Structure formats: structure tokens, C-alpha cells
1. Please compute the average number of Cβ atoms from other chains found within 10 Å of each residue's Cβ in peptide B:612-622.
2. Averaged per residue, what accessible surface does the stretch B:362-422 expose to a 1.4 Å probe, in Å²?
3. Given a cut-off of 30 Å, name the pairs among B:Lys79/B:Lys491; B:Lys50/B:Lys209; B:Lys458/B:Lys531 whose C-alpha atoms lie farther apart than that in the structure shown.
4. Excluding ligands, DNA and RNA, what is the solvent-accessible area per residue of chain A at a probe of 1.4 Å, expressed in Å²?
5. Determine Rg/Rh for the stretch B:182-271; Rg is computed over alpha-carbon atoms and Rh is the Kirkwood hydrodynamic estimate from the same atoms.
6. When Cβ neighbours within 10 Å are restricted to other protein chains, what is their mean count per residue of peptide B:703-712?
7. Could you order the peptides A:123-135, B:511-523 from most to least packed, using the average number of other C-beta atoms within 10 Å per residue?
8. Hey, got the average number of other protein chain Cβ atoms within 10 angstrom for residues in A:45-51?
Amino acid sequence: MTPMTTSSNSAVRELISFQIGAQEFCVDIMSVREIRGWTPATPLPRTPVFVRGVINLRGAVLPIVDLGSRLGLQMTEPTERHVIIVTRIEEQLVGLLVDAVCDIITVRDDQIQSTPDVASDLVQQFVKGILSMEGRMISLIYLERVLPDREAEAA
Amino acid sequence: MDPLEAIKVTFFQECEEQLSELESGLLAMEQGETDSETVNAVFRAVHSIKGGAGAFSLEPLVRFAHVFETTLDDVRAGKLAPDNNVVKVMLRAADVLADHVRAARDGGVVEEARSQELAAALEALNGAAAPASIVSEDFDDMPGLDFTPLTVSDDDGFGDDFGFTPLAAGIIDLEPEGPALRRWTVQLRPKNALYAKANETGLLLRELKRLGDIEVSIDGSELPGLAELEPEHAYLSWTIVLTTDRSQSDIQEVFEFVDGDCDLTITADQLTSSLPMMGEASIDEPFDVMALIQQARADVQAAPAAAIMAEILAAPAPAPVFAASAPSVPAPAAATATAAAGVAPDAAHGAAAQQATIRVDLDRVDRLIDLVGELVINQAMLAQRVTESGVPRSSNIAMGLDDLEHLTREIQDSVMAIRAQPVKSVFQRMPRLVREVAAMTGKQVRLVTEGEGTEVDKTVIERLTDPITHMIRNAIDHGLERPEVRVAAGKGPEGTVRLSAAHRSGRIVIEVSDDGKGIDRPRVRQIAIDKGLIEVDSNLSDEDVDNLIFMPGFSTASSVSDISGRGVGMDVVKRSIQGLGGRIAITSRPGQGSTFTLSLPLTLAVLDGMVVSVCDHTLVAPLTAIIESLQPKAQDVRAIGPDAYVIAIRDTYTPLIDVGAMLGYRTTPLDPTKGVALLVEGEGGARAALMVDAIQGQRQVVIKSLEANYRQVEGIAAATILGDGRVALILDVDNVVAARRREKARSDAKLAAAG
């Protein structure tokens, strides 16, 4: 795979990396509001399987997306050790269910490589770019695409 | 916020109130209520807007308001009969005035042509070609007075300096002009309350001037030194000599709004030449501001002059001293003449007559409502914990909790009442819309409104305007026929659009109906087929056809008009109503018109619910939808078709819906005899029995939106948080009742597509 820079500017940004199964992913720290332990969610009817349901976040109703399932990996069997990353996506708060939070990493934009042209559409859809840290490969998640598409679902 | 800005904000708020007063007054006049009270109310509204606008130098607004006021004054004086034509022009003028106010507030521009056209129409009514300028109230038309103009800047009403020349109002000649002229001496001594209610002596004097020639003198002898001066007290009194042909009651009418707030004597003089020279009196007055300031300086030697000036300028605006309103104090005659139509708008006229009210920032109320919502959850949580701990129901703790529940509920109701508002504010915008749409489409329309006093939560009101606007537009544009068509159909040329609101079983029901041609069902059907919305051979009932107009992308207008028919119309209306937790239904009879019925919750914040369990899930069913609950007996449940069941309730077969299966919580249907059936009624009276596993209890729940962080979920109206802190879903009963039919339609469509 050929390293390719997505952008020539080298602005520094902080990312939170987390684990799902054996893979590592990350999101921009600015979109993360809080990180909390798993609490059982109330399932919603007629929703895609990756939407695990809703929980009470201090009086607000927070939908929980099983990120592993969303990315086409495996359904998570949540335990007390699983983690919900509360993120702000546009105007909405969404909880991402992941296995564990790993690290806060600081990268320059030019360290982020474009997503390799692999077969999976899901990868193309949700992975904005990848970066290499100390031999680990971390995929940067396209947060805006995590929630189910309104129009497509309505139709 | 800078104080002047704050006053300006208040002014615009009051303008909105005045505008609605104006509109309702004019509408009353249109109905024939042309008594002086109504006319005066209308006049006052325009006058107050003009007055305030003058203080803020809102030139275009002042100019237009002035023309309007002049016409109204003629009506008030009986020179112009308020017949239908006149009122129609005035209604349109009120619309333009509202545009002017909004333009002044938001910094836009009013369509000049329209404004001028209306101004011209108003002037034509006057019959007089009065120049549309406030300057007509200039000094020139006060022949009896000769004075040095004051250096009072009329742009903000705050004099920059106090270096004006004391007024010397000399009387030059006062020949009696006619036998009917009489001379009156009016002594006016305002009390503190007069200024506190934002009345303004200057305006009163100006009103007097309208009646005839006046000479004014001021008595400032009670004015204390600056150090002792109470900024909000009234110290000055006036003596006015008025020469007029009007009666005493006319003079008294000027003081109508300050009745009781001032000492007033009106005495008739015999017309003689030996008048007291008012000018002298004025000059005699020890009203030397500089001297006052000097005195104050002497008193407070250490204080720098700037501080004193700052103090003076910081005095509250309606105070009767020179600090806030220079024009009103030392030279009332000048105040009547200058364009500064009063620093403090006399808008308090209206307010003073009403009950005591306060303006509260909506955010504060919302915060309170949120907190009360949390309180309700907490109270429920506490009650649940106590029950779980096994405390007997008769114990003190349990009884105390019951009291707490009552109190909580009462607090909640009271807080909700703060935010409840009559739908009048929305309904009031509609007459204008009807006029405009009627003019654009060339139809004759009469709008009838009912139930304007129906109260509903402010958050609901705010979101009602757009759907109602759209429905009324549609009713006029698509529903009503042109006058000639109506006549040919044996109806009156004027169509009627009826807008009504009422409370019905815990919801507000709003109806928009017209007496037009009704829905053209064959055409609607054809269009739906053409647009591929339905199959050619679909078997649809009349009701189904009517409901096609709510489908996205449907438009019956053959040409896209300015008014409606962009093809987004009714489905957008439907979606916004659903977003409010409401429903929309249509009934139509060919040739007789259509009725759109909106049913909305009174509040978006709380709901009385029945808490039920379905397959280990807790759901809440809105209590308003539930008629009764029962335990089905095996012999009452009958299968109908392969997978549908009905239940006999008092010999009526009602469809039985397994909620758990419908929401996908279980795959094998619940044995009806093991569960509980809730008999519910959906929109339009459709009944169904919902099968649930068990009933947990009845509880008031706080509605939490699912859309805020997610989106609408079919079959679910909203969510709530229960006593244990978990989220429970609120069933959308109508949707569940209708779901069966929809699913059937869907599978039919699939079959059709496959075949």
C-alpha cells in the first residue's frame, strides 16, 4: 500500500483511539463529549440492528450505535467492561458502543493516509483515513456517516 | 445592553401588542362596531407606535404612522364615516404599518411603492392633501406663541447640555375669532403615578393644542434643590389657558388616560382682555437649571461635575425632571411643538388598564419547566424506591409521598399554565394572509375564527403558524372557487374559510374548513397514478384518495403558483404536525367543501400514561387514547384469516393487535388469555384492542423527544424516563392502530410489483 498524504497542511489534531475486536479506530477528540460505562439500553423497534437502543443520559435520550456492527465486524455482546463514547455528530448526541478506549494520540494532518482502495464498501463508507502509530494501524472514523441515513430509511 | 437599546426592545414588543390591538379593532369596525371606544383604541394604537417611533427617529415608520393617524383622527372626529371601504383601506394600511415596524426592528426596507400607495389611499380618504410629514405639526401653526426654540435635540430626547434659554411665551394677540370661542383655564398638577405610567405632560399639552390656541405656564416653585430631588417625583404643575370652541367634555377627554393620576381643574373664563400674562409667569419661575446644578455642586463639592451629570442622566426615563426628558419639563409649549413626540411612549395606556402582568424571559420559564420535569421524574423514582422497600401503604412515609405527588402535580400544572397562551396570537395573523391570498387569486373570502381563547403551550403555538398558514392558503387557492363559479353553483360569491380551535379530551383540535368545491377525487387519483404514487388498479376508498394529498411530491395545482402548489405543501404540513405529536385528518364532500382537522397535545412536556409491560420491556400508552382495559376470555377471541384476530367486546368485534409482535419484541404471538387488552381509540374513531403482557400502573411521565438525538421511530411517539432511571418508550397509539392497514397495503403493493 502506497502512503499518500491527504493534505499538505500539517495542522496538529488530537484523536481518541479505541478498540473493537482486534482492530483500532479513532475519532477526533473535539467531537467526544464524555466516555461512560455500558448501561443496558432500551431497544427501539424497527431500527437497524446496529442501533442498540436508547439510554438516559442525565435526562436526555441518547441512542447507542454498536460501532462494530455498524462497520460490518461482529455484534458486540456488551458487558460492564464495554464503553460508550458519547459523541456530538452535527446537532445530535450519539453514543458509540466500543470494546475499550486505548489512547489519546496527537497527529499532524499529513500523517493521515487516505483509505486504501479495498473491496469493502463499508470500509470506504466509514473510514476517512488511516494512520500508523508505533506499528499499529488506526482507522479514522467518518462520524457523520455512522447514524442511519434518514432519507434512505424513510423510503 | 445599552439602556436605550433595552427601551427600544420594549418599544418593539409593545408595537406588536399595539399592532394586534389595531388589527382586532379594525376587524371589529369591519363588523360594524364603530363606537367611539373601538375607534379610540385603534387611534391610540397607531398614535402610540408613532410616538415611540418618533423618539427613536424611525423616520419611515413615523411618516406612515402619521398619515394613518391623521385619517383615524378624522374618523374619530366624525369627519370620515368608517364604512366598509374605509376600513378595508385601513386594514391594508395596518399591514403596511406592521411591515414598517418589522423593517425598523430587523433593519429591512418596506416596499416603497406599496407604502406610498397606501399612504396616498389614506390621504385620499382624508380628502385633504395634507403633506405626509410630521413637520406639519411645526411651530407655525401656533400663532399665539412666540418663543425662542430650545436647543433640545429631537433625535434622542436627551439634551446634551442644559444651556437653553428659559421659555418666554409671550402673547401677541388674542382676538376672539368667533362667538362660540370660549376661554378655559386648565390647571394640571401631575402626580407621581402619571409619570410612572409613562404618560407625558408634553403629549397632553399637544392634545390640548389640537382643540384650540393655548398658552401654557409652568409652576416650578415646588422643585427642590438637586440634592433633595427625588428623580421619580412630580414637582411641576401647569396652567393652560385654552381658547376653543369645544365643550368642557372635549377638554376632559384629553385627560382621559391620566384621570386620577393628576389634579385637574377646568374652569371657564369669561372672555375678557385682562388676561394674566403667561409669559411673565414663565420667566418668573426659578427654573434655572444651571443654578440648580451649581447648587448641587456646592452641596457635593468633592464630586466632580461629570459624576453629577452621569447621575442626572442615569435617572429613570419617565422621571419628570429634565434629566430624562428635557422636552417635557421646562418648556411644555415647546414640547408640544417639537417633533419629539414624547420620549416615553404613552403605550402604557393600554397596559395600565389591564391586569398587572410582568414580562419574563422565556428562557427562565423553560428552565423552570425543565426543572419541574426532573422533579416529577425524581418524585416517581422516590415513590418506586419506597414501594420496593416494602413500606406499607398506610405508613407515614407513603402518605407523605402521596402528598408530595399531589404537590408536584400542582406545581407542574401551574408552571405549565405560565407558558399556556391563547391561540389568538396565531389566529390574528390569518386575516392578513386571507386578504393577501384573496387579492392574489381574485377570490372573495370571508374568514371566520372561533375559539381564539383556547389555550395551549407556547411551544405548540409557535409551531402552529406555518401549518395553519399553509392550510388556509390551500383552502383559498385550491378549495374555494372563483366568484362566478360559485354563483353558477348556487352559492354566494363570497367563500368562507372557517378557522376554529377547541379543547377536546386533553388535546387541542384545530379545524380549517372551507365551503368550496371539495376534493376532486377522480383528478387526485389520476394525478397520483400519473406520478406513480399508486397503482393504476389500486382499490382506494374515498378516504384513501383524500389522504393521497398528504403524500410527498403530490400537487394538484396545474401551475405552480406563488401561493401554494409547490408540491411540498400538505406532506410538509403533515410532517410538522406529526413532529408536534399531532395528527391531521381530512374530510371532504364534493361541492360542499373540505375540512382539515389537526389534533395536537396541549403541551409537549408531560403526558398521563398507562405503564405496561410487553415482553420484559416497559412501554407507556397515553391515557387519553385508552377507553378501557380488560382481560380477554378465550371464547371472545376469534381468528379471522390466517394471522389476524378480533376480540368481541360487548358484541362488537374489534381488531386485536399484539403490541409485542408488532414492535418486533417477540415472534410467537402472545396467548390473549394470558395478557391484558387495552381498548384504544385512534384518530377518526378507529378502535383496536392492544394486547400487552401486564399493566404496571398509571403515571404522569415527562416526554423526551427521540428526534432530538435520533429520529422518529414508527409506532413510537416519544420516550420518557421512568423511576428506575431507564428509558421507556411511549406508544404512538394511532400509528399502531393504523399500522395493520398500512402493512397490508404495503404487501399488496409488493405483490402487485412482483406480478
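1. Values: counts 0, 0, 0, 0, 0, 4, 1, 2, 0, 0, 0.
Across the residues of B:612-622, the mean count of other-chain Cβ atoms within 10 Å is 1.
2. Numbers: 4000 Å² over 61 residues.
The answer is 66 Å² per residue.
3. Flagged as over cut-off: B:Lys79/B:Lys491; B:Lys458/B:Lys531.
4. 51 Å²
5. Here the Rg-to-Rh quotient is 1.00.
6. 6
7. Values: A:123-135: 15.7, B:511-523: 19.5.
Ranking the peptides A:123-135, B:511-523 by packing returns B:511-523, A:123-135.
8. 4
The values are calculated or read from the model by the stated rules, or taken from the named source; none is laboratory data. Note that the structure is predicted; figures quoted are calculated from it, not measured. Positions of Cβ are backbone-derived with ideal geometry, glycine not excepted, and every protein chain shown enters the neighbour counts. Protein only, heavy atoms only, side chains kept; ligands, DNA and RNA dropped before computing areas. Shrake-Rupley method; radii C 1.70, N 1.55, O 1.52, S 1.80 Å.
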